[in-house]
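For reference, the structure discussed in these notes is given below.
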Amino acid sequence: DTEVTQTPKHLVMGMTNKKSLKCEQHMGHRAMYWYKQKAKKPPELMFVYSYEKLSINESVPSRFSPECPNSSLLNLHLHALQPEDSALYLCASSLRDRGRDGGNTIYFGEGSWLTVV
Amino acid sequence: AQSVTQPDIHITVSEGASLELRCNYSYGATPYLFWYVQSPGQGLQLLLKYFSGDTLVQGIKGFEAEFKRSQSSFNLRKPSVHWSDAAEYFCAVATGSGAGSYQLTFGKGTKLSVIP
């Protein structure tokens, strides 16, 4: 099972609203990620959590606030967003493979489509 | 710094024809390489990956890719394309961020259209 579940699939919010995106995985992965993807562009890394601690913040505006309550859950709290923040937000997770290749594989969820009006 | 180049923005092939999508990377050490596919309105699905060992890797949906260190390439191939393969394809290289996490650097993507 290589499933990363994201909710909601679609979200429309006003610029003064507060909302949250949620991500869940039960693969025992200890690294979780938020990516932002604009239309016709590749995903861009926003945040990385490793062992429930924020390890990377790619200079993301403070109106985006990540939270990792436990090793299976990752939230992205949204407040006072701008219309240009409308995008597909992708959650991902990873665990070093236990096979002989020793590599790491990053699995993505289906994403949450965010529209800011 | 690492980078990934996908030279073809858009490729159109006929159903049943063979396919090759190009990917070149720049990275100093042995790369962790991936191909992901994204259908319209969907997330990213992992097609295949290369870490070490056999340079020809098999993936899902009949795809394969060959790692060529001398050419810094990791091209994706499929012998016979199906209409359902129409999608955006991303090549990516992963580098360690420390503490067991990785950063993916993506190419700009190649959009595949399939003519029935």
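The values are calculated or read from the model by the stated rules, or taken from the named source; none is laboratory data. Keep in mind that this is a model prediction, so the values were computed, not measured. Cβ coordinates were reconstructed from backbone atoms using ideal geometry, including for glycine residues, and neighbour counts include every protein chain displayed. Only protein heavy atoms, including side chains, enter the accessible area calculation; ligands, DNA and RNA are left aside. Shrake-Rupley method; radii C 1.70, N 1.55, O 1.52, S 1.80 Å.
Side notes on the structure shown:
- Ranked order, B:91, A:68 - accessible area, probe 1.4 Å, largest first: A:68, B:91
- Using θ = phi - 60° and Karplus 6.51 cos²θ - 1.76 cosθ + 1.60, couplings along segment B:81-86 (whole Hz; Gly, Pro as x): 7, 10, 4, 6, 7, 4
- Interface area, chains A and B: about 2000 Å² of buried accessible surface, summed, with a 1.4 Å probe and ligands, DNA and RNA left out.
- Averaged over A:42-52, number of beta-carbon atoms from partner chains that fall within 10 Å: 4
- Nonlocal amide H pairs with residue B:15, under 5 Å, H built at 1.01 Å: B:115
- By the Cα gyration tensor, the protein assembly as shown has an equivalent ellipsoid whose semi-axes, rounded to whole angstrom, run 30, 22, 15 from largest to smallest.
- The H on the amide N of residue A:104, modeled in the peptide plane, is under 5 Å from the matching H of A:97, each at least 5 residues off or on a different chain.
- For segment B:64-69, 3J(HN,Hα) per residue [Karplus equation, 6.51 cos²θ - 1.76 cosθ + 1.60, θ = phi - 60°, Hz, x = Gly/Pro]: 9, 9, 10, 8, 10, 5
- Segment A:29-117 - percent of accessible surface contributed by carbon and sulfur, probe 1.4 Å: 49 percent
- Principal axis analysis of the Cα atoms in chain A yields extents of 49, 29, 24 Å, listed in decreasing size.
- With all protein chains kept in place, the per residue accessible area of segment B:19-116 amounts to 43 square angstrom at a probe of 1.4 angstrom.
- Alpha-carbon Rg/Rh ratio, for chain B, with Rh computed the Kirkwood way: 0.96
- Segment residue B:1-residue B:84, extension gain: residue separation times 0.36 nm, minus the distance between their alpha carbons: 26.4 nm
- Surface share of carbon and sulfur [accessible, 1.4 angstrom probe, percent] for segment B:1-79: 46 percent
- Backbone HN-Hα couplings from phi across segment B:7-20 [Karplus 6.51/-1.76/1.60, Hz, Gly and Pro as x]: x, 9, 6, 9, 10, 10, 10, 7, 4, x, 7, 7, 9, 9
- Proximal charge balance of residue A:116 [Cβ under 9 Å; K/R count +1, D/E count -1]: -2
- Given +1 at the Cβ of Lys and Arg, -1 at the Cβ of Asp and Glu and no other charges, the dipole of the protein assembly as shown around its Cα centre is 300 debye to the nearest 20.
- Each Lys and Arg contributes +1 and each Asp and Glu -1, all at the Cβ; summed about the Cα centre of segment B:3-115, the dipole is approximately 180 debye.
- Measuring between alpha carbons in the structure, the pairs from A:53/B:68; A:18/B:111; A:22/B:78; A:19/A:53 lying more than 26 angstrom apart are A:53/B:68; A:18/B:111; A:22/B:78.
- Separation in nanometres of the label points that stand 7 Å from Cα toward Cβ, at residue A:63 and residue B:64: 4.9 nm
- 21 Å tail of the calculated P(r), segment B:48-116, as % of Cα pairs: 35 percent
- Averaged over the residues of B:101-110, the number of partner chain Cβ atoms lying within 10 Å of the residue Cβ comes to 6.
- A simple charge model with +1 on the Cβ of Lys and Arg, -1 on the Cβ of Asp and Glu and nothing else charged puts the dipole of chain A at about 140 debye relative to its Cα centre.
- Per-residue extension of 0.36 nm, minus the Cα-Cα distance of residue B:72 and residue B:113, leaves a gain of 12.2 nm for this segment.
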